[in-house]
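The values are calculated or read from the model by the stated rules, or taken from the named source; none is laboratory data. Computed from a predicted structure; not experimentally measured. Neighbour counts run over all protein chains shown; Cβ positions are idealised from the backbone, glycine included. With ligands, DNA and RNA removed, areas are computed over all heavy atoms of the protein, side chains included. Shrake-Rupley method; radii C 1.70, N 1.55, O 1.52, S 1.80 Å.
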Amino acid sequence: MQDARHNRIGRPRSRPGTSEGSVRVGPLVGIVTVMRELGVDPENVFEQFGFTTVQFEDPDFEISYVTASRLLACCAKATQCPHFGLLVGKHARPSSLGVPGFLLLNAPDVGTALSALVQNLDLHDQGGVPVVDIQGSSTFLGYVIHQARVEATDTIYDISIAIGCCIMRSLCGASWNPAEVLFSRRPPADLRPYRQFYRAPLQFDMDRNAIVFPSHWMNHRIPGADTLLHRHLEREADQLHKLRQANITSDTRRLLRTSMMTGNCTISDIAAQLCMHERTLHRRLREEGTSFQLELDAVRYDVARQLLAGSAMPIARIAETLNYSGVSAFNRAFKRWAGFTPAYWRTRNASSSPAHVISSTDRQTDTTS
């Protein structure tokens with residue numbers, strides 16, 4: 001699908017002018033239930049971070065995105081459950097996302113709903129963004145992390161993609177299934193929980209985390225949608241965005257991260273998405289003490305480390321994903337950032353997740369609907 005025409009829906013709005021984003025705990029409230037179901041007392045883990053489980057009963061409670069990632073890492077380790085993120089994500093519903101979630105449920109159709117998700121999820125989550133990428137007859141609903149210094153990325157992506165599937169089933173009916181599900185990490189040892197939930201072929205070591213479905217679903221009318229309530233929620237979302245202070249560096253980094261999937265991440269591409277001239281973008285970034293190249297390098301470095309550590313994707317494919325002209329150019333850049341070649345860095349930092357070899361039986365199951 002590399003040569004397919006891309007049509008990415010909407011663009012995320014501005015985030016607050018902070019170097020570290022926050023996240024509402026709405027979709028994470030399932031952590032407590034999941035841990036208890038797995039026989040682990042969540043209080044012991046929460047106390048290490050200065051939290052109580054009572055605080056996680058309030059979906060509007062906000063915590064740092066980085067802290068949330070560290071909490072998830074500790075919870076997953078305490079439960080020793082390799083699909084902990086999937087279990088947490090299954091507990092979430094569109095309403096867990098606050099205003100963006102209620103906008104989804106009251107949109108006239110799926111396309112409008114997902115556009116609202118892209119434009120407004122920053123009201124809930126300032127460490128990652130959803131991506132809706134239409135490639136002809138297939139649409140990809142994914143999520144990318146743009147916050148730096150994040151732990152437990154596999155768990156976060158498991159949560160996010162499961163939420164995406166829950167959203168589609170809320171909009172299209174409980175029997176809805178994706179055409180396939182893509183993960184950027186190595187496959188877990190046990191695929192059964194993923195098969196049972198998604199009811200679709202699973203692909204690992206991919207260049208993105210996303211659910212894939214036929215594009216005709218974008219025109220599906222949402223039953224029970226309230227047009228007046230949707231209009232009211234749009235106005236409320238607009239007012240909430242006006243209260244937030246824009247930060248061009250954060251906007252640029254976020255757009256670079258989402259645009260990297262489609263290869264449209266030159267300064268002209270990003271400036272166009274920000275509705276400004278290239279010279280203006282250069283000047284605004286300079287005023288904030290950075291540059292377009294510095295931000296592009298930072299995003300590439302973050303993504304490279306995620307893919308090198310968490311997947312078995314060949315280095316040549318990683319170089320292509322990051323829009324390098326070839327492996328040599330990627331090797332030079334990575335060595336400049338890390339002091340090591342990508343191959344050597346991978347041997348020192350590869351994920352400790354158990355390897356999984358897909359048998360011929362597994363392969364048949366995971367390539368058919």
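Listing for the model above:
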{"quantity": "Members of the stretch 283-299 that are open to solvent by less than 30 Å² (accessible area, probe 1.4 Å) and without any contact (Cβ under 8 Å) to a residue 40 or more places away in the chain", "calculated": "285"}
{"quantity": "Count of residues meeting criterion [in a helix (DSSP H, G or I) and either touching a strand residue (DSSP E or B) at 6+ places or on another chain (Cβ under 9 Å) or open to solvent by less than 10 Å² (accessible area, probe 1.4 Å) (or both)] in the stretch 139-155", "calculated": "1"}
{"quantity": "Members of the stretch 77-131 that are open to solvent by less than 20 Å² (accessible area, probe 1.4 Å) and among the acidic types (Asp, Glu)", "calculated": "122, 125"}
{"quantity": "Members of the stretch 156-175 found to be free of Cβ contacts under 8 Å to residues at least 24 places away in the same chain and either of a type in the set (A, V, I, L, M, F, W, C) or open to solvent by less than 10 Å² (accessible area, probe 1.4 Å) (or both), listed by number", "calculated": "174"}
{"quantity": "Residue in the stretch 306-316 that is surrounded by 18 or more Cβ atoms within 10 Å (Cβ to Cβ) and not in a helix (DSSP H, G or I) present", "calculated": "yes"}
{"quantity": "Residue that is touching a His at 6+ places or on another chain (Cβ under 7 Å) and either of a type in the set (D, E, K, R) or closer than 16 Å to residue 222 by Cα (or both), where the choices are 94, 100", "calculated": "100"}
{"quantity": "Inter-residue pairs, beta-carbon under 7 Å, first more than 13 Å from residue 295 (Cα to Cα) and of a type outside the set (Val, Ile, Thr) and in the stretch 245-274, second in a loop (DSSP other than H, G, I, E, B) and modelled with pLDDT of 90 or more, 6+ apart", "calculated": "261/208; 263/323; 271/277"}
{"quantity": "Matching helices (runs of 4 or more DSSP H) fully within the stretch 35-138 where at least 1 residues are closer than 20 Å to residue 241 by Cβ, of a type outside the set (Asp, Glu) and in contact (Cβ under 8 Å) with a residue 12 or more places away in the chain", "calculated": "65-79, 99-105, 110-120"}
{"quantity": "Members of the stretch 327-345 found to be in a helix (DSSP H, G or I) and open to solvent by 40 Å² or more (accessible area, probe 1.4 Å), listed by number", "calculated": "327, 328, 331, 332, 335, 336, 337, 343, 344"}
{"quantity": "Residues of the stretch 180-224 classified as over 19 Å from the mean Cα position of the chain (by Cα) and either closer than 17 Å to residue 140 by Cβ or open to solvent by 30 Å² or more (accessible area, probe 1.4 Å) (or both), total", "calculated": "18"}
{"quantity": "Subset of the stretch 291-323 [of a type in the set (D, E, K, R) and more than 15 Å from residue 338 (Cα to Cα)]", "calculated": "295, 317, 320"}
{"quantity": "Among the residues listed as 288, 320, the single one being modelled with pLDDT under 95 and over 22 Å from the mean Cα position of the chain (by Cα)", "calculated": "288"}
{"quantity": "Residue list for the stretch 159-188, restricted to those being basic (Lys, Arg) and under 14 Å from residue 200 (Cβ atoms)", "calculated": "169"}
{"quantity": "So residue 312, is it farther than 30 Å from residue 211 by Cβ and modelled with pLDDT of 90 or more", "calculated": "no"}
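Residue-by-condition table, conditions (1) farther than 19 Å from residue 226 by Cβ; (2) basic (Lys, Arg); (3) in contact with a Lys or Arg (Cβ under 9 Å, 6 or more places away or on another chain):
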{"position": "66", "(1), (2), (3)": "yes, no, yes"}
{"position": "74", "(1), (2), (3)": "yes, no, no"}
{"position": "80", "(1), (2), (3)": "yes, no, no"}
{"position": "86", "(1), (2), (3)": "yes, no, no"}
{"position": "89", "(1), (2), (3)": "yes, no, no"}
{"position": "92", "(1), (2), (3)": "yes, no, no"}
{"position": "99", "(1), (2), (3)": "no, no, no"}
{"position": "104", "(1), (2), (3)": "no, no, no"}
{"position": "109", "(1), (2), (3)": "no, no, yes"}
